[in-house]
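This report concerns only the one structure given below.
The values are calculated or read from the model by the stated rules, or taken from the named source; none is laboratory data. It should be emphasised that the depicted structure is a prediction, and the values quoted were computed from it without experimental measurement. Backbone-built Cβ (ideal geometry, glycine too); neighbour counts: all protein chains shown. Areas reflect the complete protein model, heavy atoms only, side chains present, ligands, DNA and RNA absent. Shrake-Rupley method; radii C 1.70, N 1.55, O 1.52, S 1.80 Å.
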Amino acid sequence: QVRLVESGGGLVQAGGSLRLSCLVSGSIRSPTAMGWYRQTPGKQRELVAVITSGGTINFGDSVKGRFTFSRDNAKNTVYLQMNGLKPEDTAVYYCHAQSGTTYYWGQGTQVTVSS
């Protein structure tokens, strides 16, 4: 059974940094994408960063230049380094993986940025 478990969220002041981690347990067959999304109440889940099976990393427009995405295959973990955080980055951040038409989601981790 595949599980995605996020950690690293919390409260930070504007301009600060956080690093989110997502530990993937179980085997994802031929993953086509892995990454991070975020969601605030009343809004749709939006892309933060995703890496495709070809190694291309795409970022949401609102985080380009501030967030970086990385992975450690030996640890089955992907990371989201968030720098220059803004109050509008406040959201629940979800780890995501896709294998064909199967989607996997973590339980989410709250990030709150105070002004």
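A few points about this structure:
- Residues in segment 38-59 that are open to solvent by less than 50 Å² (accessible area, probe 1.4 Å), without any contact (Cβ under 8 Å) to a residue 60 or more places away in the chain, within 15 Å of CYS95 (Cβ to Cβ) and not β-branched (Val, Ile, Thr): ALA49 only.
- Any hit, segment 65-78, residues being under 16 Å from GLN107 (Cβ atoms) and of a type in the set (A, V, I, L, M, F, W, C): yes
- Subset of segment 8-37 [open to solvent by 60 Å² or more (accessible area, probe 1.4 Å), in contact with a strand residue (DSSP E or B) (Cβ under 7 Å, 6 or more places away or on another chain) and farther than 19 Å from GLY84 by Cβ]: LEU23, ARG29, SER30
- Search result, residues across segment 8-23 that are outside any loop (DSSP other than H, G, I, E, B) and small (Gly, Ala, Ser): GLY10, SER21
- Search result, residues across segment 60-70 that are farther than 19 Å from THR40 by Cα and either under 11 Å from the mean Cα position of the chain (by Cα) or buried (at least 17 other Cβ atoms within 10 Å of the Cβ) (or both): THR68, PHE69, SER70
Yes/no matrix, rows are residues, columns are (1) in contact with a helix residue (DSSP H, G or I) (Cβ under 9 Å, 6 or more places away or on another chain); (2) open to solvent by less than 60 Å² (accessible area, probe 1.4 Å); (3) within 19 Å of GLN1 (Cα to Cα); (4) among the acidic types (Asp, Glu):
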| position | (1), (2), (3), (4) |
| --- | --- |
| ASN73 | no, no, yes, no |
| VAL78 | no, yes, yes, no |
| MET82 | yes, yes, no, no |
| LYS86 | yes, no, no, no |
| ASP89 | yes, yes, no, yes |
| TYR94 | no, yes, yes, no |
| GLY106 | no, yes, yes, no |
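- Scan of segment 24-51 for residues that are among the hydrophobic types (A, V, I, L, M, F, W, C) and either touching a Pro at 6+ places or on another chain (Cβ under 7 Å) or part of a strand (DSSP E or B) (or both), ordered by number: VAL24, ALA33, MET34, TRP36, LEU47, VAL48, ALA49, VAL50, ILE51
- Flag if VAL5 is part of a strand (DSSP E or B), of a type in the set (Val, Ile, Thr) and open to solvent by 40 Å² or more (accessible area, probe 1.4 Å): yes
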